[in-house]
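The values are calculated or read from the model by the stated rules, or taken from the named source; none is laboratory data. Because the structure is predicted, anything quoted here is derived from the model rather than measured. Quick reminder, even Gly has a Cβ in these numbers, built from the backbone with ideal geometry, and neighbours come from all protein chains shown.
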Amino acid sequence: MNKQDVLARLEAARTELLDAIEGLSQKQMTTVPVAGEWTVRDILAHIAGWAAWDLAAIRGVLAGDTPDFAPIQDVDAFDAGLVAERSSWPLARILREMKEALDATRELLAGMSEDEVSSDIRFQGLYWRNLAEWLQVAWEHEGEHAAQIRKWREGMDNAHREG
């Protein structure tokens, strides 16, 4: 997969997620559980945290560091930490972190060769062989959460029609 495809998929996943929350009130995003105990805001905090972690790890690899995947081996604890760390943040700050991480990833990709994106083993990780596959995990992750939010909204819409 070339870097233009990678970037297009990252951007499409982000658009899908933002479309899924379009029109929701602050109250709907912060008080109603959507996925287990998580609200839409919690889901966004979780995604923002992962985007920031991915970006920091990718920058580290580019600087010559070996990525430390130990923190993400217990993914549930890592996820809970990401959400807890952002629990006092306003929603606008979470959305800004998501945007800034995507913008920075876009800039990194622009400066990389096709080989670095698609076949450089420095980016090999727990579930991926190269940077393209690493970022595929990210866009699929955002797509999964967008689908959760859409499904929740459909249930909310159906409850309003029946009520």
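Cβ-Cβ distances below 7 Å connect the following pairs, each with a first residue in segment 22-42 that is under 19 Å from Ala84 (Cα atoms), a second residue that is aromatic (Phe, Trp, Tyr), and a separation of six or more residues or different chains: Val34/Trp152.
When segment 7-38 is filtered for residues that are at negative phi, surrounded by fewer than 20 Cβ atoms within 10 Å (Cβ to Cβ) and assigned to a loop (DSSP other than H, G, I, E, B), the ones remaining, listed by number, are Glu22, Leu24, Ser25, Val32, Pro33, Glu37.
Test each condition in (1) in contact with a Phe, Trp or Tyr (Cβ under 9 Å, 6 or more places away or on another chain); (2) not in a helix (DSSP H, G or I) for Leu135 and report the one that comes out false. Tallying (1) in contact with a Phe, Trp or Tyr (Cβ under 9 Å, 6 or more places away or on another chain); (2) not in a helix (DSSP H, G or I), Leu135 fails exactly one: (2). Annotation note: of Ala56, Ala84, Ala80, the sole residue that is within 14 Å of the chain's Cα centre (by Cα) and of a type outside the set (Lys, Arg) is Ala56. Taking Arg9, is it among the basic types (Lys, Arg) and under 20 Å from Arg96 (Cβ atoms)? No: the conditions fail for Arg9.
The condition of being of a type in the set (S, T, N, Q), within 21 Å of Ala8 (Cα to Cα) and out of contact with any Ser or Thr (no Cβ under 6 Å at 6 or more places or on another chain) holds for only one of Thr105, Thr66, that being Thr105. Restricting Glu100, Glu107, Glu140 to those that are in contact (Cβ under 8 Å) with a residue 40 or more places away in the chain, out of contact with any helix residue (DSSP H, G or I) (no Cβ under 7 Å at 6 or more places or on another chain) and assigned to a helix (DSSP H, G or I) reduces the list to Glu140.
Taking the conditions (1) modelled with pLDDT under 95; (2) closer than 24 Å to Ala35 by Cα; (3) not aromatic (Phe, Trp, Tyr); (4) not in a helix (DSSP H, G or I) in turn, Ser88 satisfies each one other than (1).
Of all residues assigned to segment 78-90, at least one qualifies as being more than 19 Å from Glu140 (Cβ to Cβ) and crowded, with 17+ Cβ neighbours inside 10 Å. In the set Asp65, Asp42, only one residue is charged (D, E, K, R), over 20 Å from Arg106 (Cα atoms) and outside any helix (DSSP H, G or I); that residue is Asp65. Pairs meeting the criteria (first residue in segment 69-89 and of a type in the set (Val, Ile, Thr), second residue modelled with pLDDT of 95 or more, beta carbons under 6 Å, at least 6 apart or on different chains) are Ile72/Phe78; Val83/Asp42; Val83/Ala45; Val83/His46. Consider segment 99-127 and keep the residues that are among the β-branched types (Val, Ile, Thr) and modelled with pLDDT of 95 or more. The one that is surrounded by the most Cβ atoms within 10 Å (Cβ to Cβ) is Val117.
Residues that are touching a residue at least 60 places away in the same chain (Cβ under 8 Å) and over 19 Å from Leu131 (Cβ atoms) do occur in segment 6-16.
Residues in segment 117-128 include at least one that is of a type in the set (D, E, K, R) and more than 19 Å from the chain's Cα centre (by Cα).
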